[in-house]
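Only the coordinates and a few stated rules stand behind these numbers; no lab work does. This is a predicted model, so every value here is computed, not measured. Heads up, the Cβs are rebuilt from the backbone with ideal geometry, glycines too, and the neighbour counts pull from every protein chain shown.
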Amino acid sequence: MALRDASHIWANPLRPHYNVGVSDLGLRRCVDMRCNWDRERLPKWECCCVSLLAQRAITPVEDEKPLTPQMETSEAIDQAQNTQSKGFHMDLNLLPKPLSVTYLSSPPGNGAKVRVAFQGMPGAYGEAAALKAYPKCETVPCEEFEAAFKAVELWLVDKAVLPIESSVGGSIHRNYDLLLRHRLHIVGEVQMIVNHCLLGLPGVPKEELKRVLSHPQALEQCDMTLSKLGVVRVSTDDTAGAAQMVAASGERGTGVIASARAADIYGLNILLEKIQDDDDNITRFLIFAREPIIPGTDRPHKTSIVFTLEEGPGMLFKALAVFASRDINLIKIESRPQRKRPLRVVDDSNKGSAKYFDYLFYVDFEASMAEHRAQHALAHLQEFASFLRVLGCYATDTATAL
């Protein structure tokens, strides 16, 4: 079976680039996943730069082996938590300044800890997911999802932990779009049970609350409790940011929905716990890195891919059949219209021209790229796909326990 050029399938890891512009990140390819053929002319995926990665001699650190700059992040949070037992009297200036798309800078660090970016302020659920994946890491807050992607690309952090879907709210479409815009690799996942808490200033009972601040999804997920309280709901960018606003304002009639960790950080009291309407409220986070994990077969793996299909009847059926015929279990399939070329025009002489959305298909399947059946499936899929890229191949037994 002929296999077309596969160099575009695997994303490019990044190298440091210090004079970075928005339109050109100055990226270089240092990993090229390519196809070597065995005696039966079957594809075998392997990394041609394993020796290069081995020569890099990254210094071992706690939790993993990354390096990166420092900032007042986890240490500042720990210091803040130790001052909170008698109410809010900490200096908010001790908390790290979140990175943003317009503010991406950090002094070089000593590489003593893994630095992990998350979206939101300290105390956000994303930070809890980062600490679950890397318990001794240094967490770095980011204002936007894209800032976390860029922080990894620019070597300001080692990893990013970002949400991709919720059992209650569904998929995080923004991060699906950013997956294609940035050349990072999925290297793991974290599943977090989200327990929302109602927080208030010390000494304020829940009956005195007139309004409650939080992220729109958190407000929606706690609809029953908020309806019983009869409070006004105010949307904010993130839950922990809302907690910081309440703590800084000192408004007694204002509460917030956030995590118990946010209550500790910002000196707020927990008025009610587990106020979400659905007890099984689980969010899945993905771990992103500059370089892919070299897949193995010693334990269960998951592979994430994205592809588009050529025009024709039954193309999606044929694409999915390449997995079923090889006994590969599909875990998830997500479709997103292409932004740059959303419409596909099909000429029909009898009915005129028809316009359809042109879709990207994101698929997760249970197999390692080190397995022949996965290699053969993707080689077969290329016969129907106009675009195909492997987003990551990673073990499924890491940082996933609830």
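Can you list, bin by bin at 10 Å, the percent of alpha carbon pairs in the stretch 124-164, starting at 0?
The calculated distribution, bin by bin, is 30, 60, 9.
Return the sequence-ordered ³J(HN,Hα) values of the stretch 288-297 in whole Hz as given by the Karplus equation 6.51 cos²θ - 1.76 cosθ + 1.60 applied to θ = phi - 60°, using x for Gly and Pro.
Going residue by residue, I get 10, 9, 6, 10, x, 7, 6, x, x, 10 Hz, with x marking Gly and Pro.
Given +1 on the Cβ of Lys and Arg, -1 on the Cβ of Asp and Glu, and no further charges, what dipole in debye does the stretch 101-255 carry about its Cα centre, rounded to the nearest 20? Can you show the working numbers first?
On the way: 15 positive and 17 negative charges, 44 e Å.
In total the dipole reaches around 220 debye.
For every other residue with a beta carbon closer than 9 angstrom to the beta carbon of Leu330, add +1 if it is Lys or Arg and -1 if Asp or Glu, then tell me the sum.
Details: positive: Lys332; negative: Asp364, Glu366.
My count for the surroundings of Leu330 gives -1.
Of Lys150/Lys302; Lys159/Lys332; Lys136/Lys159, which ones are farther than 20 Å apart at the Cα? Display every interim value, and only then the final one.
Numbers: Lys150/Lys302 25 Å; Lys159/Lys332 24 Å; Lys136/Lys159 13 Å.
Over 20 Å apart, Cα to Cα: Lys150/Lys302; Lys159/Lys332.
Could you tell me the extents of the stretch 110-194's C-alpha atoms along the three principal axes, largest first, rounded to whole Å?
For the stretch 110-194, the Cα spread along each principal axis is 39, 29, 23 Å.
Calculate, axis by axis, the spread of Cα positions in the stretch 166-237 along the three principal axes, and write the results as whole Å, longest axis first.
Largest first, the stretch 166-237 extends 49, 20, 19 Å along its Cα principal axes.
How would you rank 277-284, 147-154, highest first, on the average number of other Cβ atoms within 10 Å across their residues? Provide the component values of the computation, followed by the final result.
On the way: 277-284: 14.4, 147-154: 24.6.
Top to bottom by mean Cβ count within 10 Å: 147-154, 277-284.
From the backbone phi of the stretch 183-198, what are the Karplus-calculated ³J(HN,Hα) couplings (6.51 cos²θ - 1.76 cosθ + 1.60, θ = phi - 60°) in whole Hz, Gly and Pro given as x?
Listing the rounded values in order: 9, 10, 10, 7, 10, x, 9, 9, 10, 10, 7, 9, 10, 7, 10, 8 Hz.
Nearest 5 is fine: what % of DSSP beta bridges in the stretch 101-249 come out antiparallel, could you say?
Numbers: 2 of 13 bridges.
Once the DSSP bridges in the stretch 101-249 are tallied, antiparallel ones form about 15 percent.
Once you have the Cα-Cα distance between Glu208 and Glu383, take 0.36 nm times their residue separation minus that, and quote the gain in nm to one decimal. Could you put the intermediate results ahead of the total?
Values: separation 175, 0.36 × 175 = 63.00 nm, distance 6.41 nm.
Extending this stretch completely gives an extra 56.6 nm.
Distance in nm between label sites at Phe317 and Asp277, each 7 Å beyond Cα in the beta-carbon direction?
So the two model labels end up 3.8 nm from each other.
Which three lengths, in whole Å and largest first, does the stretch 115-257 cover when its Cα atoms are put on their principal axes?
For the stretch 115-257, the Cα spread along each principal axis is 48, 28, 23 Å.
From the phi angles alone, apply the Karplus equation (6.51, -1.76, 1.60; θ = phi - 60°) to the stretch 113-128 and give each ³J(HN,Hα) in whole Hz, x where the residue is Gly or Pro.
Rounded to whole hertz, the list is 9, 5, 9, 10, 8, 9, 8, x, 8, x, x, 6, 5, x, 5, 4.
Provide the FRET efficiency to the nearest 0.05 for the Val234-Gln191 pair, computing r from the beta carbons and using R0 = 45 Å.
Numbers: r = 29 Å, r/R0 = 0.65.
Result of the calculation: an efficiency of 0.95.
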